[in-house]
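Supplied in structure tokens, the structure appears directly below.
The values are calculated or read from the model by the stated rules, or taken from the named source; none is laboratory data. Please read all numbers here as calculations on a predicted model, not as lab measurements. Here Cβ is always computed from backbone atoms with ideal geometry, including for glycine, and neighbour counts include all displayed protein chains. Remember, those area values only see protein heavy atoms, side chains included, never the ligands or the DNA or RNA. Shrake-Rupley method; radii C 1.70, N 1.55, O 1.52, S 1.80 Å.
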Amino acid sequence: MSYISVALRRLITERAREQCEYCLFPQTASLFTFEMEHIIAEKHDGTTDSENLALSCPLCNRFKGSDIGSIDSQTQKLTPFFHPRLQQWSDHFQLEGGAIVPLTSEGRVTTRILQFNLPERILERDQLIQIGVYPRLIF
Ligand SMILES: [Zn+2]
């Protein structure tokens, strides 16, 4: 894992408005510090710079790991994950209560592999919706 400077961490965090760029969970509602996630993992020659780093909650980062895509269940095709630098979240997902509903092939593989809709994650988002802190901003 490459070194990421304090200045670069700050840029990534501020650009993401302090929310996970995959599930939109706000860092301010988490007990854990969010992570610098390589969109394309270093083992796939992903670079450690602002164009390949995203702010990620620990759960999304853990489930994604070094994966960069999966097989879409509808098309049966190898499909890249949603790319927060190149794509708009709202083109690929929508919220239905606390559930994140995929709208595209990229959305489907990302939702499944990053396990956006585990019951406890939906419940947590439902609770944040009720107190008005989720979603803060949909890109
Ligand atoms: Zn997340």
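Defining a contact as two alpha carbons under 8 Å apart and six or more residues distant in sequence, what relative contact order in percent does the chain show?
Values: 215 pairs, mean separation 30.4, N = 139.
RCO, the chain: 22 percent.
What number, in percent, do you get for the relative contact order of segment 1-61 if the mean sequence gap of Cα pairs under 8 Å and at least 6 apart is divided by its residue count?
This gives 38 percent for segment 1-61.
What is the distance in Å between the Cα centres of segment 48-100 and segment 111-139?
Cα centres, segment 48-100 to segment 111-139: 15 Å.
With r as the distance between the Cβ atoms of Ala41 and Gln76 and R0 = 30 Å, compute the FRET efficiency 1/(1 + (r/R0)^6) and round to 0.05.
Working: r = 24 Å, r/R0 = 0.80.
For R0 = 30 Å, the calculated efficiency reads 0.80.
List the trypsin sites (Lys or Arg not before Pro) within segment 1-73 that fall in a DSSP loop (any state other than H, G, I, E or B) and whose Cβ has at most 15 other Cβ atoms within 10 Å. List each step's numbers first, then the result.
Numbers: sites: Arg9, Arg10, Arg15, Arg17, Lys43, Arg62, Lys64; in loops: Arg17.
Filter output for segment 1-73: Arg17.
Order Ile40, Ile4, most accessible first, counting only protein heavy atoms with a 1.4 angstrom probe.
Details: Ile40 55, Ile4 10 Å².
Reading off the accessible areas and sorting them downward yields Ile40, Ile4.
How much length is gained on full extension from Glu120 to Glu96, taking 0.36 nm per residue of separation minus their Cα-Cα distance? Spell out each step's value before the answer.
Details: separation 24, 0.36 × 24 = 8.64 nm, distance 1.53 nm.
Gain on extension, Glu120 to Glu96, equals 7.1 nm.
For Phe82, what residues show an amide H to amide H distance below 5 Å, using hydrogens built from the backbone and excluding near sequence neighbours?
Result for Phe82 returns Thr110.
Just to confirm, what accessible area per residue do you get for segment 28-139 at 1.4 Å probe, in whole Å²?
On a per-residue basis, 53 Å².
Output needed for the chain: three equivalent-ellipsoid semi-axes, defined as square roots of 5 times the C-alpha gyration tensor eigenvalues, in descending order, whole Å. Numbers along the way, then the final one.
Working: eigenvalues 95, 83, 29 Å².
Semi-axes from the Cα gyration tensor: 22, 20, 12 Å.
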